[in-house]
Amino acid sequence: MKVALIAPPFPLDEAPSPPLGLCYVAAAFREAGAEVILLDYIVEKYTPEKMRKSLEEFQPDAVGTTAVTMNFKGAAEILGDVKAFFPELITIIGGPHVTFDSANTLKQYPAIDVVALGEAESTIKEFTPQILNRKAWHSIQGISFLDGKNLVNNERREFIKDLDSIAQPVRDILSVSRYLALGFPVSIITSRGCPYRCIFCQGTRMVGHKIRYREAEQIADEIENILALGFRRINIADDFFTSSKKRVRMLCEEIKRRNIKFEWAAFARVNSVSHELLEMMM
């Protein structure tokens, strides 16, 4: 099985990080036995012809992408180009926009074969051996698709309880030199979930209200791997990094124990930090 992943264009003035979600997706596909490449149009100019040549060379069985609302239209147009050139390829899209609106996505964009709902790592591991077997799709949790004109919305999976059981995101598929030249930070997650219900935020629909944490040692390992690629800025993209002062302390102590030096940022709430906590994070 060969899968080509596509990172759709994203406004550079938003200082995008390398696509963390797709790095996790690539790791899941590899764990399921697939060969994976990434066509990264965040840092490379997209043209349909360039994409066609890349796919002709790689000869994938499926093409996958992910999108937020800001770049969903561009992602859908790219999958439309994929289908125009290679109508036999299975096209897959994930991410918050399509998770929240899978029915309209599939009905309005016929070039999309499958929507992966929510956290996709477990879904990918089950789906990969069955990508070319459409009859088997009906039994796979966490996907939506059209069977003829009928929408099939399979049951969503439970949130992954043990984040340390997920394969670490692979970054050897990235255009590292281009990201280094642009100076963008690299994103990681140390947890998923947020207990709050802010009216402007839809994040918990993807990752839930119960916070699930990774072990400090595994996070520090990942940071060291990122720094070995030449990066020096890291963005902790947790929904709520400072939810547990004890856990922040454990991670900071592990980073200091290893004498890891880097610049970093994280999301927090004003009422969740103190002078002591901020000093610990410096």
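In table form, for the structure just shown:
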{"item": "Residue under evaluation V25, criteria (1) in contact with a Gly (Cβ under 8 Å, 6 or more places away or on another chain); (2) surrounded by fewer than 20 Cβ atoms within 10 Å (Cβ to Cβ), criterion not met", "result": "(2)"}
{"item": "The stretch 236-281, residues that are in a loop (DSSP other than H, G, I, E, B) and over 22 Å from G193 (Cα atoms)", "result": "R258, N259, I260, K261, F262"}
{"item": "All positions within the stretch 182-195 that are assigned to a loop (DSSP other than H, G, I, E, B) and out of contact with any helix residue (DSSP H, G or I) (no Cβ under 6 Å at 6 or more places or on another chain)", "result": "G183, F184, P185, I189, P195"}
{"item": "Hits in the stretch 263-278 (condition: aliphatic (A, V, I, L, M) and modelled with pLDDT of 90 or more)", "result": "A265, A266"}
{"item": "Residue list for the stretch 28-53, restricted to those being free of Cβ contacts under 8 Å to residues at least 40 places away in the same chain, outside any strand (DSSP E or B) and surrounded by 20 or more Cβ atoms within 10 Å (Cβ to Cβ)", "result": "Y41, I42"}
{"item": "Boolean, N225 is without any contact (Cβ under 8 Å) to a residue 60 or more places away in the chain, of a type in the set (S, T, N, Q) and closer than 26 Å to V176 by Cα", "result": "yes"}
{"item": "Residue list for the stretch 83-126, filter: touching a residue at least 60 places away in the same chain (Cβ under 8 Å) and of a type in the set (A, V, I, L, M, F, W, C)", "result": "F100, A120, I124"}
{"item": "Flag if K135 is surrounded by fewer than 19 Cβ atoms within 10 Å (Cβ to Cβ), in the same structural domain as C23 (by TED's automatic domain parsing) and out of contact with any Pro (no Cβ under 6 Å at 6 or more places or on another chain)", "result": "yes"}
{"item": "Leading residue by the ranking (surrounded by the most Cβ atoms within 10 Å (Cβ to Cβ)) among those in the stretch 58-70 that are more than 15 Å from F100 (Cβ to Cβ) and under 14 Å from the mean Cα position of the chain (by Cα)", "result": "T65"}
{"item": "Only listed residue being in contact with a helix residue (DSSP H, G or I) (Cβ under 8 Å, 6 or more places away or on another chain) and at negative phi, chosen from P60, P9, P16", "result": "P9"}
{"item": "Test set (1) modelled with pLDDT under 95; (2) crowded, with 16+ Cβ neighbours inside 10 Å - A220 fails condition number", "result": "(1)"}
{"item": "Residue list for the stretch 196-208, filter: assigned to a loop (DSSP other than H, G, I, E, B) and under 17 Å from the mean Cα position of the chain (by Cα)", "result": "Q202, G203, G208"}
{"item": "Whichever residue in the stretch 128-154 is touching a residue at least 40 places away in the same chain (Cβ under 8 Å) and in a helix (DSSP H, G or I) and, among such residues, is nearest to F100 (Cα to Cα)", "result": "T128"}
{"item": "Count of residues meeting criterion [more than 24 Å from the chain's Cα centre (by Cα) and closer than 15 Å to I188 by Cα] in the stretch 253-282", "result": "1"}
{"item": "Helices (runs of 4 or more DSSP H) wholly inside the stretch 54-124 containing at least 2 residues that are in the same structural domain as P9 (by TED's automatic domain parsing) and either of a type in the set (S, T, Y) or touching a Cys at 6+ places or on another chain (Cβ under 9 Å) (or both)", "result": "102-108"}
{"item": "Close pairs (9 angstrom Cβ cut-off, 6 or more residues apart or separate chains): among the β-branched types (V, I, T) in the stretch 167-180, modelled with pLDDT of 90 or more and surrounded by fewer than 16 Cβ atoms within 10 Å (Cβ to Cβ) anywhere", "result": "V176/L229; V176/G230"}
{"item": "Residue that is surrounded by the most Cβ atoms within 10 Å (Cβ to Cβ), among those in the stretch 161-181 that are in a loop (DSSP other than H, G, I, E, B) and among the charged types (D, E, K, R)", "result": "R171"}
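The values are calculated or read from the model by the stated rules, or taken from the named source; none is laboratory data. Nothing here was measured: the structure is a model prediction, and the numbers come from that model. Quick reminder, even Gly has a Cβ in these numbers, built from the backbone with ideal geometry, and neighbours come from all protein chains shown.
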